[in-house]
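This report concerns only the one structure given below.
The values are calculated or read from the model by the stated rules, or taken from the named source; none is laboratory data. What you see is a predicted model; the values in this text were computed from it and never measured. All Cβ positions, glycine included, derive from the backbone under ideal geometry; neighbour counts span all protein chains shown. For accessibility, only protein heavy atoms count, side chains too; no ligands or nucleic acids. Shrake-Rupley method; radii C 1.70, N 1.55, O 1.52, S 1.80 Å.
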Amino acid sequence: MTDVLTRMRAICGAFPEVTERPSHGAPTWFIRDKKTFATLWLDGHHDIDIPHLWCAAPPGGQQELIGSGPETYFRPPYVGHRGWVGVRLVGEIDWAEVAEVLEDAYRTIAPSTLVARFDAGRAGPTSIA
């Protein structure tokens, strides 16, 4: 599980002005130390007893992801009603896909100035996977 946390830190740490701290006992990533965009549940949470993450999704993104990959994506408790998506992190994890989902989460929550800064300095989505 350390590898999962290490990969998550690498991906989320590539976004401008992101910090990490525990929230509800889980590693959570914040923009400008205020707004959450992703939480990692390494030991599971509530009835979901596998490693997974919850992250923000753009409008319609939750439905699209769940519809295209219900074995990987789900509507998480507490934040699912706000459009957030859950991602199961078991088996062969497609880290490039996880990076894309996290980038969408960041873009959904971050102010446009930070998104522009990220876009100006990026080499492509696989550069953060």
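Observations on the structure shown:
- Cα-based helix-to-principal-axis angle, 112-121 vs the chain, degrees rounded to 10: 80
- Accessible surface ranking that places the most exposed of R122, R82 first, with a 1.4 angstrom probe: R82, R122
- Debye, to nearest 20: dipole size of the chain, +1 on Lys, Arg Cβ, -1 on Asp, Glu Cβ: 580
- Inter-part distance where the range 22-84 and the range 89-121 are each reduced to a Cα centre, Å: 13
- A 1.4 Å probe run over the chain, with the rest of the protein chains in place, finds 53 Å² accessible per residue.
- Fluctuation leader among T28, T36, T72 - the chain, Gaussian network, Cα springs under 10 angstrom: T72
- Accessible surface of the range 38-106 [probe 1.4 Å, protein heavy atoms]: carbon and sulfur percent: 49
- A probe of 1.4 angstrom, applied to the heavy atoms of all protein chains, finds W41 with accessible area near 20 square angstrom.
- V98 - accessible surface, heavy atoms, 1.4 Å probe, Å² rounded to 10: 10
- Rg/Rh (Cα only; Kirkwood hydrodynamic radius) as it applies to the range 2-129: 0.93
- Selected from L102, L53, L42 as most flexible by GNM, with the chain as the system and alpha-carbon contacts under 10 Å: L42
- Charge dipole of the chain about the Cα centre (unit charges at C-beta), most positive-ward option of Y73, L53, P16: P16
- Diffusion of the range 61-112 by Stokes-Einstein, at 10 °C in a medium of 1.306 mPa s and with Rh set to the Kirkwood radius over alpha-carbon pairs, works out to 137 µm²/s.
- By the helix-only formula, in which each DSSP H run with n ≥ 4 contributes -39500 (n - 2.57) and the sum is divided by residues, the chain has a 222 nm mean residue ellipticity of -10500 deg cm²/dmol.
- The chain: most fluctuating residue of A56, A116, A105 per GNM, C-alpha cutoff 10 Å: A116
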